[in-house]
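First the structure, in the form of structure tokens, and then the observations on it.
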Amino acid sequence: MSYCLNPGCANPQNSVETDVCQTCGSKLLLRDRYRVMQTLGQGGFGATFLAIDESLPGHPNCVIKQLRPSATAPHVLDMARELFKREAETLGRIGNHPQVPRLLDYFEANQEFYLVQEYVSGSTLQQIIKKDGQFTEHGVKQFLSEILPVLEYIHSNRVIHRDIKPANIIRRAQDLKLVLIDFG
């Protein structure tokens with residue numbers, strides 16, 4: 001499936017071979033390379049999507065964050081643009097840590113802002129706790145021993161996350177390491 005990112009599209013789902021949305025006519029291939037496959041989450045300022053990078057061999061998965069400013073006044077767009085640029089710079093600076101997703105791209109199109117990040121396959125801590133229940137004392141100590149070095153690294157780079165919660169920590173499937181996400 002190919003998913004349309006136009007917030008006003010009434011039926012954003014399209015077949016995977018389509019390059020133009022069958023409902024609203026929007027281009028489905030961002031920057032002629034990123035094809036959105038599904039929604040991962042939505043919040044007050046935008047949405048997050050699972051995508052593939054069609055320009056690379058093997059079409060690897062990636063995550064696209066779409067920032068949708070609620071107002072179109074020039075000063076609001078300028079402020080959103082500045083915050084977006086700051087998030088991209090932050091991710092570019094700290095994304096070389098193995099437990100922080102790498103920034104792959106960022107750009108603006110049609111007064112909407114996009115960040116493309118490394119996709120982290122796994123379950124969020126929120127999902128794990130919902131499935132398995134609360135951590136034991138030993139589990140809490142193990143969690144802290146894994147996540148505190150990541151926070152130390154981030155803080156040593158003069159970055160404060162500001163939204164650390166179980167939904168923003170993923171237990172990566174390939175190596176079972178904790179990964180901190182969502183630096184917006």
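The values are calculated or read from the model by the stated rules, or taken from the named source; none is laboratory data. Just so it is clear, the structure is predicted and the values come from calculations on it, not from any experiment. Here the Cβ is made from the backbone with ideal geometry for all residues, glycine too, and neighbour counts use every protein chain on show. We work out accessible area using only protein heavy atoms, side chains counted, and drop any ligands, DNA or RNA first. Shrake-Rupley method; radii C 1.70, N 1.55, O 1.52, S 1.80 Å.
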Residue by residue through region 106-112, the couplings from Karplus 6.51 cos²θ - 1.76 cosθ + 1.60 with θ = phi - 60°, in Hz, x for Gly and Pro, are 8, 6, 10, 8, 6, 6, 10
Exposure ranking of 155, 161, 75 by accessible area [1.4 Å probe, largest first]
75, 155, 161
Have a look at 120, 109, 140 and report the one farthest towards the positive end of the charge dipole of region 96-142, computed about the Cα centre with Cβ charges (Lys/Arg +1, Asp/Glu -1).
140
State the cysteines of the chain left without a partner when partners are defined as other cysteines whose beta carbon lies under 4.7 Å away.
62
Which whole-Hz couplings ³J(HN,Hα) result when phi for each residue of region 6-11 is put into the Karplus expression 6.51 cos²θ - 1.76 cosθ + 1.60, θ = phi - 60°, listed in order with x for Gly and Pro?
5, x, x, 6, 6, 9
Using only alpha carbon pairs under 8 Å that are at least six residues apart, calculate the relative contact order of region 69-183 and give it in whole percent.
27
Roughly how tilted is helix 137-156, in degrees to the nearest 10 and between 0 and 90, from the longest Cα axis of the chain?
60
Across region 84-89, in residue order, what do the Karplus-derived ³J(HN,Hα) couplings come to in whole Hz, using 6.51 cos²θ - 1.76 cosθ + 1.60 with θ = phi - 60° and x for Gly and Pro?
5, 4, 5, 5, 4, 5
If you place +1 on the Cβ of every Lys and Arg and -1 on the Cβ of every Asp and Glu, how big does the dipole about the Cα centre of region 71-184 come out, in debye to the nearest 20?
300
List the residues, sorted by chain then number, that are 5 or more residues from residue 59 or on another chain and whose placed amide H is less than 5 Å from its amide H.
none
Sorted list, accessible surface of protein heavy atoms, 1.4 Å probe, largest first, for 35, 158, 86 is 158, 86, 35
For residue 105, distant residues with modelled amide H under 5 Å away:
116
Using modelled amide H (1.01 Å from N, peptide plane; none on Pro or chain starts), what sits under 5 Å from the amide H of residue 119, excluding residues fewer than 5 places away?
63
Taking only protein heavy atoms into account and a 1.4 Å probe, give the accessible area per residue of the chain in Å².
59
Cβ-placed point charges (K, R +1; D, E -1), dipole of region 45-95 about Cα centre in debye, nearest 20
140
Size of the dipole of region 70-136 about the Cα centre, Lys and Arg at +1 and Asp and Glu at -1 on the beta carbon, nothing else charged, in debye to 20?
260
